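Structure, as structure tokens:
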Amino acid sequence: MNTELVIFAPLIGLLGVFFGAWLQAHFTRKNNTNSKLTELQNKAYADFLNSASAIAVAQRTGNRARVEEEFAILADSKARICVYGHSKVIQELARFIRAGGTLQTESEILSFTRLCLRIRESVGMDNKTIDLPDISQLLFSVEVANVHTPITTDC
């Protein structure tokens, strides 16, 4: 009986060490994958927001060359959002595009504002104390207080 304990005790210890190393490697890989996905999402969201804003400014100033340049960046970022983005962000992006996607009308501005709120939710920001008119005012200097547009925060 004692010889069995002498043999099995170190084996059990070694198995524990190997299992612990495997478990640590598994969680490290999973964490790295999640970090990379988050990085890709954030880059796609930022590129989309930057190019959409640049297009709106270029259209207002009549800079056609800049509009065309930003359209390429916009298309690329939309494709990356479709691949890496959160499902609620993809749905809200589709609603924005269906609304016209040009930031020229109040409905398009409201749709873009809701998209921004969805992006905030998808990256873990709390939107409970943020009002849609406040975001529209910050983004576009447009007061949309008279337009009631409820947004659910189930992202």
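Selection over the range 80-116 of residues that are surrounded by fewer than 20 Cβ atoms within 10 Å (Cβ to Cβ) and touching a Cys at 6+ places or on another chain (Cβ under 9 Å) gives a count of 4. Residues that are buried (at least 17 other Cβ atoms within 10 Å of the Cβ) and of a type outside the set (A, V, I, L, M) within the range 36-54 comprise GLN41, TYR45, ASP47, PHE48, SER51, listed in sequence order. Is it true that LEU74 is at pLDDT below 90, closer than 27 Å to THR38 by Cβ and surrounded by 14 or more Cβ atoms within 10 Å (Cβ to Cβ)? Judged against the criteria, LEU74 is not a match. Within the range 117-152, take every residue that is among the small types (Gly, Ala, Ser) and modelled with pLDDT of 85 or more and give me the one that is surrounded by the most Cβ atoms within 10 Å (Cβ to Cβ). Looking at the filtered set, the residue picked out is SER122.
Would you pick out the residues in the range 23-64 that are in contact with a Lys or Arg (Cβ under 9 Å, 6 or more places away or on another chain) and of a type in the set (Asp, Glu)? Listed by number, the list holds a single entry, ASP47.
The values are calculated or read from the model by the stated rules, or taken from the named source; none is laboratory data. Only a predicted model underlies this, so the values are computations on that prediction, with no experimental measurement involved. No Cβ is skipped: glycine too gets one built from the backbone with ideal geometry, and neighbour counts run over all protein chains shown.
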